[in-house]
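J.: What follows is a structure written as structure tokens; I'll ask about it next.
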There are 2 protein chains.
Amino acid sequence: MQQTTLVIHGGAGTIVPEDMTPSLEQAYHQALQEALQAGNILLQQGKEAVLAVKAAVESLENNILFNAGKGSVFTHKAEHEMDAAIMCGKTFKAGSVAGVKYVKNPIELAYAITQKSNHVFLCSQGALDFAIQHKVPLAGDDYFFSEFRYNQLQAIKDTHQVSLDHNVKIEALLKDKKFGTVGAVACDVNGNIAAATSTGGMTNKKYGRIGDSPIIGAGTYANNATCAISCTGHGEPFMQAVAAYDVSCLMEYKGFTLQQAMQQTVHQKLVHQIPGEGGMIGVDAKGNFAMDFNTAGMYRGVITNNGINEVKIYK
Amino acid sequence: MQQTTLVIHGGAGTIVPEDMTPSLEQAYHQALQEALQAGNILLQQGKEAVLAVKAAVESLENNILFNAGKGSVFTHKAEHEMDAAIMCGKTFKAGSVAGVKYVKNPIELAYAITQKSNHVFLCSQGALDFAIQHKVPLAGDDYFFSEFRYNQLQAIKDTHQVSLDHNVKIEALLKDKKFGTVGAVACDVNGNIAAATSTGGMTNKKYGRIGDSPIIGAGTYANNATCAISCTGHGEPFMQAVAAYDVSCLMEYKGFTLQQAMQQTVHQKLVHQIPGEGGMIGVDAKGNFAMDFNTAGMYRGVITNNGINEVKIYK
């Protein structure tokens, strides 16, 4: 029997038990479990992997706990500019958006691009134009506003920092928020695989910065012959390392298993060659899965049709 | 002695002798030769590969014959939105811009990102903000205006086409303009390599469409251990194929030579797996070079410190 598998992540970073309260930990577990259910119900109905990853990511986007969709961090201008991508491993169809505002679920816009456009990658105002024309649901500033995120911005707005660096005060505030990107990968009942990733980027980002999430090959990639990958972490090194496609090539050209390939990329390439903190999740077309990270923790979960159903935060 | 090599391209497409006049052909030859000289003079002074590819691409951007910088095509809104990327194979430093207006030489902005930003990829208004703040030279609409490009836009503006498809009338007008992206790769006297790519994208493009040129791994990539690659062609399949990094991985993980790897990606992957018309140029750290395309022609040239100096258009 073909194994169906859905794997999700809600970001990697300095996530350690000492900083977590029981109620917050429970909230994360519940959010991850909801996302697993949202995607898995489609897989068990025989739906395509690409629809399962879209549903799982939408669930995470709708949860204020994660830095994507509703919970997106504020840019330097106190706006929300979101990135997302989705790719089908059977058809290689891909859709990406970067720097888009007012779109309630950026992953839905990325999916609409795969269905209604000859392009792969749309950005900024143009991506919003496309969303409006194709009736992708929008939401106003109030939907995206949260006091927590706004306070994050105020704390670092005048520091010209976009990430934590070594400022202890800021680090204490943001430590589990550095990499709040969400993502999902799935293998469906027909052995087709897909990947999806969505993010609000970095608090206080400027200059229309794009990270790895919407870049096909960097933060998101899917190919039935190898793997479907969704990354989370420090976007710049993940782009320079072409991290997601690196895993695929290690499988295709070097004969590595998914787990061997991910281990190589996350713990060798992203440590020794192009240092970048973060992690990734992956599946292959047999439903095998992997979740790996070089940080203290990664919000993650996996569900299969043969009894696996778990969510984890720490190592 | 270390071989220094500079390779450039000015786009691939349906470029056939029947459509060319002797004077136009001569103009292309001269433009390519100028770009080779602009980069090679730096290599012969012992300068870094990344500076040589920047100089060569700037020369091509300044020439109205190519779809980049000054010669960029018009978007649907009769604007110019340009993409560019540069990457150093020694340090993995990379800079990319997408959808930027008013920047005279987008490759100079991409280079400034590698020098003055912790980010890799900036887009749209934010990228222009960065350019202004860092005094990257700007130019007004009149600099980018050309009657030829404007007529191109008028001819297809209401067809909702962004490329040629099978409309004969449009094809006659645009046939050698489909892929006018420019690029350069170089190997310097120290065996360091680099790649740069710049483009105006597709005539009549909408929705802030981003192509492969600024995507690290798709249209542009450099790694001293393997190759430096700059692509030109139909951006969407090149993105889905992660074309530039595919060549690198075939070298790193399968032991292919540069020429074998490029042959595999251009004539196998981009023909049979993810069909995409176009071509690419590459060098390795020994100064070996390759130029390959699956179209009728590609404007291209190569110069080395051991006697090779040629420009070509057709197969």
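The values are calculated or read from the model by the stated rules, or taken from the named source; none is laboratory data. In this text the structure is predicted, and so the values were computed from the model without any measurement. So basically every Cβ, Gly included, is an ideal-geometry build from the backbone, and we count neighbours across all protein chains shown. In case anyone asks, the SASA skips ligands and DNA or RNA and just uses the protein heavy atoms, side chains included. Shrake-Rupley method; radii C 1.70, N 1.55, O 1.52, S 1.80 Å.
J.: Excluding residue B:192 itself, calculate the net charge of residues whose Cβ lies under 15 Å from the Cβ of residue B:192, where each Lys or Arg counts +1 and each Asp or Glu counts -1. Before the final figure, lay out the partial values.
T.: Numbers: positive: B:47, B:54, B:90, B:93, B:286; negative: B:48, B:188, B:284.
Spelling it out: positives minus negatives among the neighbours equals +2.
J.: Calculate for chain B the 222 nm mean residue ellipticity that helices alone would give, adding -39,500 (n - 2.57) per DSSP H run of length 4 or more and normalising by residue count, nearest 500 deg cm²/dmol. Write down the numbers at each step before the final one.
T.: On the way: 10 runs with 103 residues, N = 315.
So the calculated ellipticity at 222 nm is -9500 deg cm²/dmol.
J.: Okay, next question. So, with +1 on the Cβ of K and R and -1 on the Cβ of D and E, and no other charges, what is the size of the charge dipole of chain A about its Cα centre, to the nearest 20 debye?
T.: Details: 25 positive and 28 negative charges, 78 e Å.
Around 380 debye, computed over chain A.
J.: Given springs between every Cα pair under 10 Å in a Gaussian network model of chain A, which of A:51, A:270, A:24 has the largest fluctuation?
T.: A:24
J.: How many percent of DSSP beta bridges within chain A run antiparallel, rounded to 5? Don't skip to the end; give the middle numbers.
T.: Values: 49 of 53 bridges.
Counting DSSP beta bridges with both partners in chain A, the antiparallel share is about 90 percent.
J.: Do any cysteines in the protein assembly as shown lack another Cys Cβ under 4.7 Å, and if so which?
T.: Result for the protein assembly as shown is A:88, A:123, A:187, A:227, A:231, B:88, B:123, B:187, B:227, B:231, no neighbouring Cys Cβ within the cutoff.
J.: Once you have the Cα-Cα distance between residue A:286 and residue A:273, take 0.36 nm times their residue separation minus that, and quote the gain in nm to one decimal. Can you show the working numbers first?
T.: Numbers: separation 13, 0.36 × 13 = 4.68 nm, distance 3.05 nm.
Extra length available between residue A:286 and residue A:273 comes to 1.6 nm.
J.: Using protein chains only and a probe of 1.4 angstrom, how many square angstrom of residue B:308 are accessible, to the nearest 10?
T.: Answer for residue B:308: close to 60 Å² accessible.
J.: Could you order B:141, A:83, B:292 by accessible surface area, starting with the largest, using a probe radius of 1.4 Å?
T.: Working: B:141 95, A:83 0, B:292 35 Å².
Descending accessible area places them as B:141, B:292, A:83.
J.: Between copies, how far apart are the residue B:2 label points? List them in nm, one decimal, shortest first, with each point 7 Å from Cα toward Cβ, please?
T.: 5.2
J.: Take chain B, connect every pair of alpha-carbon atoms lying under 10 Å apart with a spring to form a Gaussian network, then pick out the residue of B:198, B:23, B:96 with the largest mean-square fluctuation.
T.: Per the Cα network of chain B with a 10 Å cutoff, B:23 tops the list.
J.: Say each of residue A:254 and residue B:23 gets a label point 7 Å from the Cα, pointing the same way as Cα to Cβ; how far apart are those two points in nm?
T.: Distance between label points: 5.6 nm.
J.: Once the label point is placed 7 Å from Cα along Cβ, list for residue B:153 the distances to the corresponding points in the other copies, in nm, shortest first.
T.: 3.3
J.: All other residues with a Cβ under 12 Å from the Cβ of residue B:303 taken together, and with Lys, Arg as +1 and Asp, Glu as -1, what is their net charge? Numbers along the way, then the final one.
T.: On the way: positive: B:300; negative: B:34, B:310.
With Lys, Arg at +1 and Asp, Glu at -1, the neighbours total -1.
J.: Right, next: Kindly identify residues of segment A:235-271 having a loss of at least 40 Å² in accessible area between the isolated chain and the assembly of all protein chains, probe radius 1.4 Å.
T.: The answer is A:236, A:239, A:240, A:242, A:245, A:253 - residues whose exposure falls by at least 40 Å² when every protein chain is included.
J.: How much accessible surface does residue A:203 have with a 1.4 Å probe, in Å² rounded to 10?
T.: Its accessible surface works out to 10 Å², give or take rounding.
J.: How many nm is it between the label spots at residue A:263 and residue B:133, if each spot is 7 Å from the Cα in line with the beta carbon?
T.: So the label points at residue A:263 and residue B:133 sit 4.3 nm apart.
J.: May I pose another question? Taking every DSSP beta bridge with both residues inside the protein assembly as shown, roughly what % is antiparallel (nearest 5)?
T.: On the way: 102 of 110 bridges.
The answer is about 95 percent antiparallel.
J.: Kindly compute the accessible surface that chains B and A hide from a 1.4 Å probe when together, both sides summed, and give it to the nearest 100 Å². Can you show the working numbers first?
T.: Numbers: alone 12760 and 12780 Å², together 21770 Å².
Protein heavy atoms only, the B-A interface buries about 3800 Å².
J.: Put a point 7 Å out from Cα along the line to Cβ at residue B:37; what are the distances to that point in the other copies, in nm, shortest first?
T.: For residue B:37, the other copies' label points sit at 7.2 nm, shortest first.
J.: Counting Lys +1, Arg +1, Asp -1, Glu -1, what net charge surrounds residue A:246 among other residues with beta carbon under 14 Å of its beta carbon? Write out the running numbers ahead of the final one.
T.: Details: positive: A:254, A:269, B:254; negative: A:212, A:252, A:292, B:246, B:252.
Around residue A:246, the charge tally is -2.
J.: Continuing with this model, one more query. When chain B is treated as a GNM, springs tying every alpha-carbon pair under 10 Å, which of B:19, B:142, B:188 comes out with the largest mean-square fluctuation?
T.: B:142
J.: For a 26 Å ceiling on Cα separation, which of these pairs sit above it: A:54/B:101; B:77/B:104; B:47/B:205; B:70/B:269? Don't skip to the end; give the middle numbers.
T.: Working: A:54/B:101 33 Å; B:77/B:104 19 Å; B:47/B:205 37 Å; B:70/B:269 33 Å.
Exceeds cut-off: A:54/B:101; B:47/B:205; B:70/B:269.
J.: Starting from the Cα gyration tensor of chain B, take the square roots of the eigenvalues, sort them a ≥ b ≥ c, and report rounded, prolate or oblate (rounded when a/c is under 1.5, otherwise prolate if a/b is larger than b/c, else oblate).
T.: On the way: a/c = 1.43, a/b = 1.22, b/c = 1.18.
Since a/c stays below 1.5, the shape of chain B is classed as rounded.
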